[in-house]
Amino acid sequence: MDDKEQLYVDLMMDQMPGDCNANVLISSGYLTEKLQHTPKALDFIKTFLDSKKDAVLQSISDLGPDSRKSAIMQRAGIRQMGVLADVVNILVKEGKVRKEAGKFYIID
């Protein structure tokens, strides 16, 4: 998993006060002392997810609806299932992908 994907996963997880990882995110400006996302974190999250949309869309298009999610993730350069789910949900909201029975379909 690359550093950006790891940072995204860390930001999506609930952090515990005083935890080493939480302290790093606070000192890096991604979390407030109350463990809330800062504008820097929100910008990173949006940019990160946007950067994965084209690769996920192309992977779904190339592999088809019967492909395994792991194959889509591998082709798109994603290691965490939660990242794939978040990107696909954005693509659904944008009207580019339809989810049905655990499969992804490109909308023309």
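The values are calculated or read from the model by the stated rules, or taken from the named source; none is laboratory data. The shown structure was predicted, so the numbers you read here are calculated from the model rather than taken from an experiment. Ideal geometry is used to build each Cβ from the backbone, glycine not excepted, and the neighbour counts take in all protein chains shown.
Yes/no per residue for (1) polar (S, T, N, Q); (2) modelled with pLDDT under 95; (3) assigned to a helix (DSSP H, G or I); (4) within 30 Å of Ser28 (Cβ to Cβ):
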site	(1), (2), (3), (4)
Phe48	no, no, yes, yes
Ser51	yes, no, yes, yes
Val56	no, no, yes, yes
Pro65	no, yes, no, no
Asp86	no, no, yes, yes
Tyr105	no, no, no, no
Odd one out for Ala71, checked against (1) assigned to a helix (DSSP H, G or I); (2) closer than 19 Å to Tyr8 by Cα: (2)
Please go through the range 22-58 and give me each residue that is of a type in the set (Gly, Ala, Ser) and closer than 10 Å to Leu11 by Cα, ordered by number. Ala22, Ala41
With respect to the numbered conditions (1) within 17 Å of the chain's Cα centre (by Cα); (2) assigned to a loop (DSSP other than H, G, I, E, B); (3) polar (S, T, N, Q), which one is the sole condition not fulfilled by Gln15? (1)
Looking only at the range 28-46, and only at residues there that are of a type outside the set (A, V, I, L, M, F, W, C) and not in a loop (DSSP other than H, G, I, E, B), the one that is surrounded by the fewest Cβ atoms within 10 Å (Cβ to Cβ): Pro39
If a residue must be buried (at least 17 other Cβ atoms within 10 Å of the Cβ) and either on the phi > 0 side of the Ramachandran plot or part of a loop (DSSP other than H, G, I, E, B) (or both), how many such residues does the range 74-84 contain? 1
